[in-house]
Amino acid sequence: MSTATGEDEEAIEATKAPLMDHLLELRKRLIWSILAFVGAFLVCFFFAREIFGFLTLPLAHALKGQPNDHLIATALTETFFTYMKVGMFAGLCLSFPVVAAQIWMFVAPGLYRNERKAFLPFLLATPFLFALGAAFVIYVMLPFAIHALLGFDTPGTGGRLGIQLQAKVSEYLDFVMTLIFAFGLTFQMPVLLTLLGRVGIITSAQLRQVRRYAIVGITALAAVLTPPDIFSMVSLIVPLVLLYEISIGCVWLIERGREKAPQT
């Protein structure tokens with residue numbers, strides 16, 4: 001629980017304002033967040049072709065030298081709207097630090113000093129862990145998943161029709177974006193568990209006790225989120241288990257700090 005000093009109470013009292021002032025402040029933060037997103041979207045849309053090219057690198061390497069080493073568009077506007085999605089997706093990621101900063105500037109005046117110190121690391125860790133999950137998808141999981149899925153292609157023999165991948169532009173982007181969001185969100189596990197430990201809802205001992213059940217849950221989650229091959233599942237299970245162990249350590253450190261606090 002947070003304890004407030006006289007200085008904290010004075011700081012909170014100084015930030016009190018009528019409801020209209022809070023609404024005006026919220027409006028200001030929303031405007032800056034929207035402007036940041038729109039600006040990031042315009043920049044990312046200008047470079048949408050390059051960003052999409054980067055996202056297709058795993059597929060390009062897997063199809064290199066094959067007759068189907070390209071993507072197809074089956075609608076006149078499909079490529080345009082795909083680039084729009086790329087711009088919005090990349091713009092959201094690019095503008096997130098600004099949006100998070102606006103949220104922080106709106107909320108922070110209403111927090112005690114020790115609460116600000118407690119929550120700021122979580123705010124900084126969130127985009128880092130999301131970027132880590134996205135990088136894991138692009139550089140580790142996706143290349144192996146694509147190779148595994150291409151193994152289901154069937155050559156035509158004995159008068160039977162073969163099956164060869166003709167990847168659609170929009171479907172490939174949706175596939176990659178889904179994986180990035182899924183991995184980016186699941187990589188937030190340390191933030192969530194450490195925050196719960198910070199407010200006293202869970203303890204490191206409880207996390208150790210349910211470790212085996214957590215591993216079973218992580219395995220089930222990996223089976224749902226990843227393509228149907230063993231490597232993709234393992235590529236998500238291993239980092240999530242490691243992040244779970246890191247979460248235990250983070251909660252334990254918080255508990256140690258809480259125990260030492262009354263003695264100082």
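Quick notes
- Listed candidates [x] 1.03; [y] 1.16; [z] 1.29 - label of the one calculated as Cα Rg over 2.2 N^0.38 Å: [z]
- Here the 3J(HN,Hα) profile of the stretch 162-172, calculated from phi with Karplus coefficients 6.51, -1.76 and 1.60 at θ = phi - 60°, is x, 10, 10, 5, 10, 5, 7, 4, 5, 5, 5 Hz, Gly and Pro shown as x.
- Other-chain or far-sequence residues with amide H under 5 Å of K168's (modelled H): I72
- Here the 3J(HN,Hα) profile of the stretch 238-251, calculated from phi with Karplus coefficients 6.51, -1.76 and 1.60 at θ = phi - 60°, is 4, x, 5, 5, 4, 5, 5, 5, 4, 4, 4, x, 5, 5 Hz, Gly and Pro shown as x.
- Note on L120 and A167: with the Förster distance fixed at 41 Å, the Cβ-Cβ geometry gives a FRET efficiency of about 0.45.
- Contact order normalised by residue count of the chain, Cα under 8 Å, 6+ apart, percent: 22
- Computed log₁₀ I(q)/I(0) - Debye formula, equal Cα scatterers, no solvent, the stretch 49-184, q 0.12, 0.14, 0.19 Å⁻¹: -0.62, -0.77, -1.13
- The length gained by stretching the chain between F47 and V224 to full extension, at 0.36 nm per residue less their Cα-Cα distance, is 60.5 nm.
Read the figures in this text as sums done on the coordinates, not as results from a lab. In this text the structure is predicted, and so the values were computed from the model without any measurement. Cβ coordinates were reconstructed from backbone atoms using ideal geometry, including for glycine residues, and neighbour counts include every protein chain displayed.
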